[in-house]
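A short worksheet on the structure shown next.
The values are calculated or read from the model by the stated rules, or taken from the named source; none is laboratory data. Computed from a prediction, not measured in an experiment: that's the story for all the values here. When we count neighbours, we look across all protein chains shown, and the Cβ atoms used for this are built from the backbone with ideal geometry, even at glycine.
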Amino acid sequence: MLISFLFASPLQAQAQKPNLPDPAKFVNKYDIVWNVVHAILEEMHFSVELEDRKAGRIVTRPSEIITGALTPSEVDKVAIRKDTITGNWLKAQYSVEALLEIVTPTVTMVTIHAKVEALNRDIDGTEKWVPLESLGVFETRILGKVSMKLMGNDLPSKKGFWNKSPQPIDSRPSRIPKPPLG
């Protein structure tokens, strides 16, 4: 009985499931939402590859997530990796597609999709980019930043330790009298 439990428990491990956010509706005009989405992508250091304002579509160039030996474990945090693929995972990257739709003249809907892929080197030395299924981490992060900016709740940048400005050290001599010698 104990042996069957030991072999059965790894098989019952929870598989990760995507948690993609729903499209977000904002009570703002299309142009305002477009500008905010574009600004957020630039703040996050994305390079815009395709910009079609009329169709409501922004696509970024791929950004590298990780490279090196930790690639498989880091990829597992943001995407579902199919372990049926043999070989070495060399690096991973993602690109973002933002879709904006006019619902009414004052309501705009934003959908974010992340395309995650990893470079795999097979045993025979061939390399290919393998598409992975996003867990929704990037989509949620971007939509959250867009929401914060549009709702006026944009967080100010932190100043330093405990959110305080650095203080200079007092270099004046101590005002405490020294005890007399002797």
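The set of residues in the range 62-76 that are surrounded by 14 or more Cβ atoms within 10 Å (Cβ to Cβ) and either in contact with a Pro (Cβ under 6 Å, 6 or more places away or on another chain) or outside any helix (DSSP H, G or I) (or both) comprises PRO62, SER63, ILE65, ILE66, THR67.
Of all residues in the range 105-113, at least one satisfies being more than 30 Å from GLN16 (Cα to Cα), assigned to a loop (DSSP other than H, G, I, E, B) and at pLDDT 70 or above. The conditions of being assigned to a strand (DSSP E or B), over 25 Å from ALA39 (Cα atoms), modelled with pLDDT under 95 and charged (D, E, K, R) are not met by GLU117.
Is one or more of the residues making up the range 157-172 within 30 Å of VAL27 (Cβ to Cβ), modelled with pLDDT under 95 and out of contact with any Leu (no Cβ under 8 Å at 6 or more places or on another chain)? Looking through the range 157-172, at least one residue is within 30 Å of VAL27 (Cβ to Cβ), modelled with pLDDT under 95 and out of contact with any Leu (no Cβ under 8 Å at 6 or more places or on another chain). So which residues in the range 77-120 are loosely packed, with under 14 Cβ neighbours inside 10 Å and either of a type in the set (S, T, N, Q) or under 17 Å from the mean Cα position of the chain (by Cα) (or both)? Selection gives LYS77, THR84, THR86, ASN88, THR104, THR106.
Selection of the range 14-36 for residues being basic (Lys, Arg) and loosely packed, with under 12 Cβ neighbours inside 10 Å yields only LYS17. Residues that are touching a strand residue (DSSP E or B) at 6+ places or on another chain (Cβ under 7 Å), farther than 15 Å from SER95 by Cβ and in a strand (DSSP E or B) within the range 27-56 are absent altogether.
Please verify whether ALA55 is touching a helix residue (DSSP H, G or I) at 6+ places or on another chain (Cβ under 8 Å) and at pLDDT 90 or above, treating the condition exactly as stated. It is false that ALA55 is touching a helix residue (DSSP H, G or I) at 6+ places or on another chain (Cβ under 8 Å) and at pLDDT 90 or above. A single entry from GLU42, GLU64 fulfils the requirement of being over 14 Å from LEU119 (Cβ atoms) and at pLDDT 85 or above: GLU42. If you check VAL59 against the conditions, is it more than 25 Å from ALA24 (Cβ to Cβ), in a strand (DSSP E or B) and β-branched (Val, Ile, Thr)? Here the answer is no, as VAL59 does not meet what is asked. In the range 86-99, the residues that are part of a strand (DSSP E or B) form Cβ pairs under 9 Å with partners that are surrounded by fewer than 16 Cβ atoms within 10 Å (Cβ to Cβ) and of a type in the set (Asp, Glu), at six or more places apart or across chains, as follows: ASN88/ASP122; LEU90/GLU127; LYS91/GLU64; ALA92/GLU64; GLN93/GLU64; TYR94/GLU64; SER95/GLU49.
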